[in-house]
Ligand code: CP
């Protein structure tokens with residue numbers, strides 16, 4: 001099937017059809033092979049990607065910037081401090097900010113796509129505000145907008161996760177995939193686990209989401225995951241016991257995230273102390289070899305990175321034979337090149 005994704009925004013995998021996501025994966029595998037063999041694939045010669053980061057990044061920034069370069073284009077790194085901070089209507093400060101509608105339309109006159117990362121402190125941990133800002137850019141831009149992680153979704157991570165699982169396990173039907181909370185002393189957004197349960201249910205896996213009570217994902221995401229499971233022939237269940245969840249797993253994806261119960265709109269302002277007190281009660285949610293032994297003998301261990309070693313996972317697991325975290329990080333490059341090639345008009 002021929003898909004046309006030219007000009008499309010990529011904000012959540014849920015907004016693209018299964019056929020479109022499969023086309024991206026096919027191209028990603030092809031580009032990975034070409035990159036390995038040093039076969040030129042300059043599909044975006046002369047094109048420009050603007051990358052606006054409100055948060056830190058190692059993988060996302062470098063995989064996008066390297067990726068657009070390998071495709072023959074250039075990536076320009078922007079932060080709210082290096083420009084007039086893009087702001088929503090009503091949140092502007094004279095000569096310090098610039099309304100998003102203006103920023104999006106100006107960049108659309110110069111380049112070929114805008115990619116944005118925004119979650120956590122830059123949006124006062126108001127759940128959904130980062131996603132709203134990405135969508136505000138998309139509304140005004142006449143070039144595609146790519147979500148490099150907001151406070152609801154991290155679609156590029158999800159596509160790299162899926163690509164990695166397919167490399168090791170083939171098709172996902174009949175495979176048990178466990179997306180689990182893990183302990184950390186820091187507060188991380190929910191975008192990665194939310195995007196993971198959506199993509200794995202979309203591709204027919206039997207997904208178990210595990211977390212302590214109080215660390216639920218957003219109810220809208222749970223509904224979408226259940227709907228995906230019904231539609232694509234897999235299953236979706238929730239467990240409150242990490243050990244039990246790991247039993248018989250083909251894939252485990254344990255990572256930390258913060259509690260929506262302590263973030264606006266559930267509370268007037270973010271309560272990081274309350275969140276950390278809750279998380280500190282669950283330091284036993286660490287991935288150890290003992291826990292991994294409950295899974296299948298050929299289980300793979302995923303983590304989007306950065307990992308908090310000694311909290312989320314022990315060194316022997318993340319550096320051990322079941323860990324595929326560096327394949328997963330590498331696949332960010334290949335899958336994002338495929339997404340850029342499609343939406344920026346390279347294929
Ligand atoms: N996984 C991920 O998005 O990593 P960075 O925060 O380093 O971009």
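All of the numbers you see were taken from the coordinates with simple rules; none came from a lab. Here the structure is a predicted model, which is why all the values come from computation and not from measurement. Here the Cβ positions follow ideal geometry from the backbone for every residue, glycine too, while neighbour counts run over all protein chains shown.
Observations on the structure shown:
- Volume of the Cα convex hull of region 156-328, divided per residue and given in Å³: 99 Å³
- Inverse of mean 1/r across different Cα pairs in the chain, Kirkwood, Å: 20.5 Å
- Theoretical ellipticity at 222 nm over the chain - DSSP helices of four or more residues, -39500 (n - 2.57) apiece, nearest 500: -12000 deg cm²/dmol
- Both numbers refer to the Cα atoms of region 1-103; Rg and Dmax are 17.0, 52 Å.
- Ordering 285, 181 from the fewest to the most neighbouring beta carbons within 10 Å gives 285, 181.
- Overall Cα dimensions of region 281-330 - principal axes, largest extent first, Å: 34, 25, 14
- Per-peptide average of other Cβ atoms within 10 Å, ordering 34-45, 254-265 highest first: 254-265, 34-45
- Region 185-252: translational diffusion in µm²/s, Stokes-Einstein, Kirkwood Rh over Cα pairs, 25 °C, 0.890 mPa s: 198 µm²/s
- Scaled against 2.2 N^0.38 Å for its residue count N, the alpha carbon radius of gyration of region 77-129 is 1.17.
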